[in-house]
Amino acid sequence: MSGLYAARLLAAAGVSFLLLEARDRLGGRILSVTDDGFDLGPAWFWPDMQPMMTQLIEELGLTGFGQYSDGDVLMERSAQEKVQRFAGFGQMASSFRIAGGTGALVTALAAGLPQERIQLSVTVTAAELRDEGVLLTARDAKGETISITAARVLFALPPRLLERAIRFKPAMVPALCTRWRQTPTWMAPHAKFLAVYERPFWRASGLSGTVQSMVGPMGEIHDASAIAGKAALFGFLGVPAAARQKIGADALKTHCQAQLTRLFGPDASKPVASFLKDWSADALTATADDQEAGEHPSPNAQPWFDAAWAGHAVMAGSEAASEHPGYLEGALLAASRAVLDITS
């Protein structure tokens with residue numbers, strides 16, 4: 001979203017741009033599935049704390065709605081104990097989601113851009129300083145090498161991924177490479193499972209859909225139902241990335257489905273669809289350093305590029321934000337400040 005929002009701001013400022021996306025779709029870690037827009041990536045924003053997200057949603061004519069949290073909460077402490085049920089306390093009351101999923105933001109942002117300035121399946125592999133600007137080397141969808149020269153480049157991706165994927169000439173100083181590599185990429189170590197149902201049957205039983213589990217495989221579960229449409233439950237897997245890869249996606253989905261059935265009864269065993277997204281196995285999100293769950297990225301106001309690249313390259317990904325790094329709000333903040341560097 002940081003790249004799309006930066007493109008929106010550049011277009012509004014009358015600055016010519018080209019948006020290059022390595023995937024065959026826009027959105028990066030934002031991934032919504034089915035017509036109801038269920039999210040396998042980030043899903044929440046917090047209006048009380050994230051004014052840019054709130055304003056952008058309004059500008060784009062989208063609808064935000066509160067995360068459903070009415071009803072009781074379930075707790076699994078061990079496989080030997082019965083599932084415990086506690087009165088709910090509105091713990092998600094300040095969390096909001098977007099009607100149509102977070103992917104609706106991506107679609108709306110992209111629709112407002114000149115389509116000829118967006119190129120998908122273009123993977124940048126190198127950046128070289130030349131007298132005429134920055135020379136980017138990339139592979140296109142056919143695997144052919146292409147070259148693009150730009151006055152400046154906004155790198156709207158996580159620093160850790162940038163350090164692994166793109167070769168710089170002149171090379172970045174070692175201290176900066178280390179800093180990029182040590183900046184955690186939010187979502188990269190994690191996996192989400194989502195089961196879609198015709199109706200939110202758990203609500204009729206007085207349940208919120210919220211679960212905390214020490215049994216697993218999902219450690220945290222929530223109601224992910226659409227504002228109008230099908231119902232859903234989703235959970236974050238508590239199984240480490242290396243173990244997930246050994247177990248395999250099909251077996252993990254079976255285990256997750258069994259957990260929902262154990263918690264919510266026979267109705268949970270019959271989803272109309274189910275999805276598992278393991279971000280640690282996504283080569284355009286995660287690196288080898290993301291196989292272990294780490295800390296959330298911390299704000300850091302230090303420059304992201306050395307003196308040789310100052311004025312030529314700008315870090316615009318969410319992890320580079322001075323506030324809310326790793327979050328959707330951080331993506332907007334980082335993009336805004338990157339564009340300000342270019343246009344001021």
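Of a type in the set (A, V, I, L, M), in contact (Cβ under 8 Å) with a residue 12 or more places away in the chain, open to solvent by 10 Å² or more (accessible area, probe 1.4 Å) and under 25 Å from Ser32 (Cβ atoms), is that true of Ala241? Here the answer is no, as Ala241 does not meet what is asked. Can you spot a residue in region 120-130 that is more than 19 Å from the chain's Cα centre (by Cα), on the phi < 0 side of the Ramachandran plot, modelled with pLDDT of 95 or more and among the basic types (Lys, Arg)? Checked against the condition, which is being more than 19 Å from the chain's Cα centre (by Cα), on the phi < 0 side of the Ramachandran plot, modelled with pLDDT of 95 or more and among the basic types (Lys, Arg), region 120-130 yields at least one hit.
Being at pLDDT below 95 and not in a strand (DSSP E or B): is that true of Ala141 here? Yes; evaluated as a whole, the condition is true for this residue. Residue count for region 250-309, restricted to those that are under 21 Å from Glu220 (Cα atoms), within 24 Å of the chain's Cα centre (by Cα), assigned to a loop (DSSP other than H, G, I, E, B) and modelled with pLDDT of 95 or more: 0. Residues in region 108-154 that are free of Cβ contacts under 8 Å to residues at least 60 places away in the same chain, surrounded by 14 or more Cβ atoms within 10 Å (Cβ to Cβ) and of a type outside the set (A, V, I, L, M, F, W, C): Glu128, Thr137, Arg139, Asp140. Scanning region 20-61 for residues that are open to solvent by 20 Å² or more (accessible area, probe 1.4 Å) and either assigned to a strand (DSSP E or B) or at positive phi (or both) yields Leu20, Ser32, Val33, Thr34, Gly61. Scanning region 206-238 for residues that are closer than 21 Å to Ser32 by Cβ and assigned to a loop (DSSP other than H, G, I, E, B) yields Ala224, Ser225, Ala226, Ile227, Ala228, Gly229, Lys230.
Results for (1) of a type in the set (A, V, I, L, M, F, W, C); (2) free of Cβ contacts under 8 Å to residues at least 40 places away in the same chain, shown as yes or no for each residue.
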| site | (1), (2) |
| --- | --- |
| Asp223 | no, no |
| Phe234 | yes, no |
| Asp250 | no, yes |
| Lys253 | no, no |
| Gln257 | no, no |
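The values are calculated or read from the model by the stated rules, or taken from the named source; none is laboratory data. Just so it is clear, the structure is predicted and the values come from calculations on it, not from any experiment. Note: ideal-geometry Cβ built from the backbone for every residue, glycine included; neighbour counts use all protein chains shown. These area figures cover heavy atoms from the full protein model, side chains too; ligands, DNA and RNA do not enter into them. Shrake-Rupley method; radii C 1.70, N 1.55, O 1.52, S 1.80 Å.
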